[in-house]
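**Q** To start, I am sharing the structure in question, which I have written as structure tokens.
Nothing in this text is a laboratory measurement; each read-out follows from the coordinates by a stated rule. Every value quoted in this text rests on a predicted model; they were computed, and no experiment measured them. A quick note on method: Cβ atoms are made from the backbone with ideal geometry, for glycine too, and the neighbour counts reach across all protein chains shown.
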Amino acid sequence: MRVRTPKLVRLAAVGLAGATTLGAVALPASASTQATIVNVVGYSVAGPAYKALETAFQATSAGSGVTFTNTFGASGTEATNVANGLPADVVNLSYYSDEEADATAGAIPSNWQDQENTVGGVNPASATVYTTPGIVTDSTVVFIVRKGNPLGIKQWSDLTRKGVRLVTPNPETSGSAKWNLLAAYAAWKALGHTPDQDQNFVKSILEHAVAEPPSGSTALSTFLAGTGDVLLDYEDDALAAVAAGDAITVIVPPQTLLIENPVALTNTGLKKPAAVAFYQYLFSSAGQTILANLGYRSVLKSVWAATKSSFAAFKKPTDLQTVTDINSGGWPVLDKEFFGASVTFPSNDPTHPNEGIVTYLEEFAGRAN
């Protein structure tokens with residue numbers, strides 16, 4: 001029986017479990033004081049990085065006198081919270097569709113991706129590593145295994161060997177989960193398999209999942225508490241866990257998926273000079289260097305060139321897949337295709353959906369366990 005809710009929550013310097021509020025809690029204050037309070041909301045794994053970024057920003061002239069409130073949790077949950085009125089000036093969610101949901105709700109501008117250029121002062125054509133706008137950090141999907149890799153896990157096919165137990169977050173709440181499952185599909189695709197075979201492989205991955213915690217951070221906590229043999233996780237989260245001394249080994253599979261995490265200023269944030277300055281700092285060389293030192297692949301060419309030797313390289317360009325390699329329409333298409341609530345099938349195939357692929361496979365895998 002698959003466990004979907006962990007019993008242990010890890011509170012440590014390298015991870016935040018569930019939805020956690022950090023930072024200064026503002027008492028009723030004047031309008032001038034409120035203008036220097038920046039409310040940051042993000043996906044769970046990014047929490048520790050923001051504490052480092054905020055501390056460094058406060059030491060700059062632009063950040064002098066600025067305080068922060070932080071709320072980090074499962075990406076889908078935080079997207080809903082912002083849409084429902086959670087105070088937010090800067091929003092860094094796990095993936096495009098969660099950010100876009102807040103745009104649809106009217107919390108952030110519809111042209112939020114353009115802020116990187118118009119507000120952040122970054123020219124994507126010349127300065128950024130990849131072409132997707134509005135992305136503040138890059139990462140990849142990796143495997144976390146027990147110290148010394150006792151099962152000899154090296155590649156995706158090893159995850160579906162008999163007896164291997166996987167931990168990956170719940171795609172109903174977690175952006176990390178969606179990246180993980182798309183990474184399995186993309187890696188199998190990169191190896192030359194057909195779309196039906198790619199779906200079958202994702203099904204096998206889900207059948208080996210013994211726990212699906214609500215967020216990336218709780219998934220790491222669950223794994224460190226002893227559940228499972230392999231955790232699918234962000235590369236940055238894995239590197240932070242190693243730096244913290246956790247008894248794990250990180251395996252970068254030969255083929256995987258590029259993770260792109262978006263950031264946006266909300267409508268209220270755009271009106272706060274302190275929030276705008278912090279957003280700019282996130283894309284600055286100083287901010288990106290902090291992120292690179294914390295295990296994120298920098299989106300700035302200059303910082304990436306200086307730090308890429310610290311990260312695993314890939315033999316072929318196709319070994320590091322992107323969401324547009326899976327479908328040229330990117331997340332606006334992939335979300336419905338893989339994670340849509342409705343499951344539909346092509347007329348000639350009642351077993352491989354063309355919409356709601358993971359929704360269907362989750363149900364099937366659940367019945368199989």
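**Q** How large is ³J(HN,Hα) for each residue in the range 350-362, as worked out from phi by the Karplus curve 6.51 cos²θ - 1.76 cosθ + 1.60 (θ = phi - 60°), to whole Hz, x for Gly and Pro?
**A** x, 10, 10, x, 9, 9, x, 4, 5, 4, 5, 5, 4
**Q** Say we join alpha carbon atoms closer than 10 Å with springs in a Gaussian network model of the chain; which of Gly216, Gly76, Gly85 then has the biggest fluctuation?
**A** Gly85
**Q** What per residue convex hull volume, in Å³, comes out for the range 301-369 when only alpha-carbon positions are used?
**A** It comes to 172 Å³ per residue, whole-number rounded.
**Q** From the cross-link list Lys154/Lys203; Lys315/Lys336; Lys162/Lys336; Lys189/Lys316, which pairs have alpha carbons spaced over 25 Å apart?
**A** Those over the limit are Lys315/Lys336; Lys162/Lys336.
**Q** Also, quick follow-up: Determine ³J(HN,Hα), in whole Hz, for all residues of the range 136-141 in sequence, where each value follows from phi through the Karplus function 6.51 cos²θ - 1.76 cosθ + 1.60 and θ = phi - 60°; x replaces Gly and Pro.
**A** My calculation for the range 136-141 gives 9, 9, 10, 7, 9, 8 Hz in order.
**Q** I would also like to ask the following. Which value in nm describes the separation of the simple spin-label points at Asp325 and Lys147, placed 7 Å from the Cα toward the beta carbon?
**A** 3.4 nm
**Q** Still on this structure, please answer the following. Go ahead and run the numbers for FRET between Asp114 and Lys308, Cβ-Cβ distance against an R0 of 35 Å, rounding to 0.05.
**A** 0.85
**Q** Based on the Cβ-Cβ distance of Val242 and Asp349, what FRET efficiency does E = 1/(1 + (r/R0)^6) give at R0 = 45 Å, to the nearest 0.05?
**A** Step by step, r from the Cβ atoms, then E = 0.55.
**Q** Something else now. Considering only DSSP beta bridges with both partners in the chain, what is the antiparallel share in %, to the nearest 5?
**A** Among the beta bridges of the chain, antiparallel pairing accounts for roughly 60 percent.
**Q** Report the charge-dipole magnitude of the chain in Debye, nearest 20, computed about the Cα centre from +1 at each Lys and Arg Cβ and -1 at each Asp and Glu Cβ.
**A** Computed charge dipole of the chain: roughly 920 debye.
**Q** Just order 291-297, 180-186 by mean Cβ neighbour count inside 10 Å, highest at the front, would you?
**A** 180-186, 291-297
**Q** What ranking do Ser64, Ser97 get, fewest neighbouring Cβ atoms within 10 angstrom at the top?
**A** The fewest-first ordering by Cβ neighbours comes to Ser64, Ser97.
**Q** Then there's this: By how many nm would the segment from Ala105 to Val333 lengthen if fully extended, with 0.36 nm per residue of separation less the alpha-carbon distance?
**A** So the chain would gain 80.2 nm between Ala105 and Val333.
**Q** Only counting other Cβ atoms within 10 Å, I'd like Leu151, Leu166 sorted with the fewest neighbours first.
**A** Ranking Leu151, Leu166 by Cβ neighbours within 10 Å, fewest first, gives Leu151, Leu166.
**Q** What length, rounded to one decimal in nm, is gained on full extension from Ala56 through to Lys316, with 0.36 nm per residue of separation minus their alpha-carbon distance?
**A** Contour length minus Cα-Cα distance gives 89.9 nm.
**Q** Run the numbers for Ser342 and Thr67: contour at 0.36 nm per residue of separation, minus the present Cα-Cα distance, in nm.
**A** So the extension gain works out to 94.7 nm.
**Q** Give me the one-decimal nm value for the distance between modelled label points at Asn293 and Thr249, 7 Å along each residue's Cα-to-Cβ direction.
**A** In this crude label model, Asn293 to Thr249 measures out at 3.0 nm.
**Q** Modelled label-to-label distance, Lys271 and Asp158, 7 Å Cα→beta-carbon offset: nm?
**A** Result: 5.4 nm between the two label points.
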